[in-house]
Amino acid sequence: KQRVFSGIQPTNHLQLGNYLGALKRFAGMQNSGIETLYCIVDLHAITVWQDPADLTRATRELAAGYLASGLDPKKSILFNQSQVPAHTQMAWVFNCVARMGWLNRMTQFKDKAGKNRENASVGLFTYPNLMAADILVYKATHVPVGEDQKQHVELTRDIAMKFNNDFGTEFFPITEPVIEGVATRVMSLRDGTKKMSKSDPSDMSRINLTDDADTIAKKIRKAKTDPEPLPETLDGLQDRPEAKNLVNIYAALADSDPATIIAEFGGQPFSDFKPKLAELAVNSLSPITNEMNRLMEDPAEIDRILADGARRAQEIAAPIVDEAYKIIGMVR
Ligand code: TYM
């Protein structure tokens, strides 16, 4: 049986990379007839310090972001991780399955811990085990994510294989990452070699889903570019990371592809292309921003949707945890 699971951390504001690499694609998947679960991973968020009031706000804002991007809480299960105890119950098991060496290779840990590894939380180190639990506690077969999460989904596969192997079973599926489209790695507007991120210290490096039209236009106008006009062919985008990024963003927002965008805009200077990109971005994003703002006026309704989703998620996950514990030999 096919089942889709994905998650987003409730930290800072949603940015364009989250939207194009994840949210926009999630809404599309719920209509395919496959069961879809989408999670707000609040337990992952606290692997680095979060102010409690900010965590609450970011959780509701992310829920609003999911809904405003087209997620239907009747078709999909939308919930926050901490309300479904099965995730942590499975994560403990995976802490005992995964090897230190596997986690030592995780690039996200290296990036986030920085030079001061001794001072990183233990949770930041075991983060991928909880992520594997998120996925496998539903026996999810497909995980739509951006490029940066590929390594974590591969670790999830390694954990599933080792569990199956250790206990002589085929209990867990070997999950497929679904990394598709032109926006699997949206880059920073200030540096075409760095990915766009919620946690980049420069707000000018990203477009937030909470930005108003003027802010979006300003950020695109000021986006770093080289002095050449757009190339006439796709090949011409090689070694021009900033130009390539803006073309990819345009293509993703327009549900098109880079070749079509280059055919249309090739040869134009950025002073012509940027205003068109800004207009497209504003037209695509402002309905979402407005809908998020509307939804956030009623936090009680958001909380109700999350609690309902959590109840349905736990219903699927609880028997899977139970079954896994039995396989391990825990008395039931
Ligand atoms: P997070 O919260 O960093 O990002 C959420 C989703 O957005 C994608 N993304 C991007 N895609 C394209 N370009 C970008 N610049 C960009 N930045 C972020 C991410 O790839 C992701 O799909 N560990 C995960 C959350 C998680 C999870 C899971 C995901 C926890 N458990 C289980 C899938 C399945 C994370 O930190 O995503």
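The values are calculated or read from the model by the stated rules, or taken from the named source; none is laboratory data. Nothing here was measured: the structure is a model prediction, and the numbers come from that model. We place every Cβ from the backbone using ideal geometry, glycine too, and count neighbours over all the protein chains shown. Remember, those area values only see protein heavy atoms, side chains included, never the ligands or the DNA or RNA. Shrake-Rupley method; radii C 1.70, N 1.55, O 1.52, S 1.80 Å.
In table form, for the structure just shown:
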{"quantity": "Conditions (1) crowded, with 22+ Cβ neighbours inside 10 Å; (2) small (Gly, Ala, Ser); (3) more than 27 Å from Asp322 (Cβ to Cβ): number failed by Gly33", "calculated": "(1)"}
{"quantity": "Criterion violated by Ala307 - all others in (1) within 26 Å of Thr215 (Cα to Cα); (2) touching a helix residue (DSSP H, G or I) at 6+ places or on another chain (Cβ under 8 Å) satisfied", "calculated": "(1)"}
{"quantity": "Inter-residue pairs, beta-carbon under 7 Å, first free of Cβ contacts under 8 Å to residues at least 24 places away in the same chain and in the range 155-169, second of a type in the set (D, E, K, R) and open to solvent by 30 Å² or more (accessible area, probe 1.4 Å), 6+ apart", "calculated": "Asn164/Glu170"}
{"quantity": "Members of the range 81-94 found to be assigned to a helix (DSSP H, G or I) and surrounded by fewer than 16 Cβ atoms within 10 Å (Cβ to Cβ), listed by number", "calculated": "Thr88, Trp92"}
{"quantity": "Of all residues making up the range 36-73, the number that are acidic (Asp, Glu) and either touching a residue at least 12 places away in the same chain (Cβ under 8 Å) or buried (at least 22 other Cβ atoms within 10 Å of the Cβ) (or both)", "calculated": "3"}
{"quantity": "Subset of the range 212-221 [crowded, with 18+ Cβ neighbours inside 10 Å and either over 11 Å from Val282 (Cβ atoms) or in contact with an Asp or Glu (Cβ under 9 Å, 6 or more places away or on another chain) (or both)]", "calculated": "Ala217, Lys219"}
{"quantity": "Every pair of residues 6+ apart whose Cβ atoms lie under 9 Å, when the first sits in the range 139-151 and is under 18 Å from Thr36 (Cα atoms) while the second is within 8 Å of the ligand (Cβ to nearest atom) and open to solvent by 60 Å² or more (accessible area, probe 1.4 Å)", "calculated": "Gly146/Arg185; Gly146/Lys195"}
{"quantity": "Hits in the range 16-36 - residues which are near the ligand (Cβ under 7 Å from one of its atoms) and polar (S, T, N, Q)", "calculated": "Asn18"}
{"quantity": "Residue satisfying all of: in the range 10-21; touching a Leu at 6+ places or on another chain (Cβ under 9 Å) and within 22 Å of Ile46 (Cβ to Cβ); most open to solvent (accessible area, probe 1.4 Å) among these", "calculated": "His13"}
{"quantity": "Count of the range 255-274 residues which are free of Cβ contacts under 8 Å to residues at least 12 places away in the same chain and part of a helix (DSSP H, G or I)", "calculated": "5"}
{"quantity": "Hits in the range 122-177 - residues which are among the basic types (Lys, Arg) and within 11 Å of the ligand (Cβ to nearest atom)", "calculated": "Lys150"}
{"quantity": "Filter pass, Thr175 being of a type in the set (S, T, N, Q) and either modelled with pLDDT under 95 or farther than 21 Å from Pro144 by Cα (or both)", "calculated": "no"}
{"quantity": "Test for Ser121: is it of a type in the set (S, T, N, Q), within 18 Å of the chain's Cα centre (by Cα) and modelled with pLDDT of 95 or more", "calculated": "no"}
{"quantity": "Residue check, Lys274 open to solvent by less than 20 Å² (accessible area, probe 1.4 Å) and touching a Ser or Thr at 6+ places or on another chain (Cβ under 9 Å)", "calculated": "no"}
{"quantity": "Checking Leu78 against (1) aliphatic (A, V, I, L, M); (2) buried (at least 20 other Cβ atoms within 10 Å of the Cβ); (3) out of contact with any Phe, Trp or Tyr (no Cβ under 9 Å at 6 or more places or on another chain), the condition it does not meet", "calculated": "(3)"}
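Yes/no matrix, rows are residues, columns are (1) in contact (Cβ under 8 Å) with a residue 12 or more places away in the chain; (2) of a type outside the set (Gly, Ala, Ser):
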site	(1), (2)
Met292	yes, yes
Glu297	no, yes
Leu306	yes, yes
Ala313	yes, no
Pro319	no, yes
Asp322	no, yes
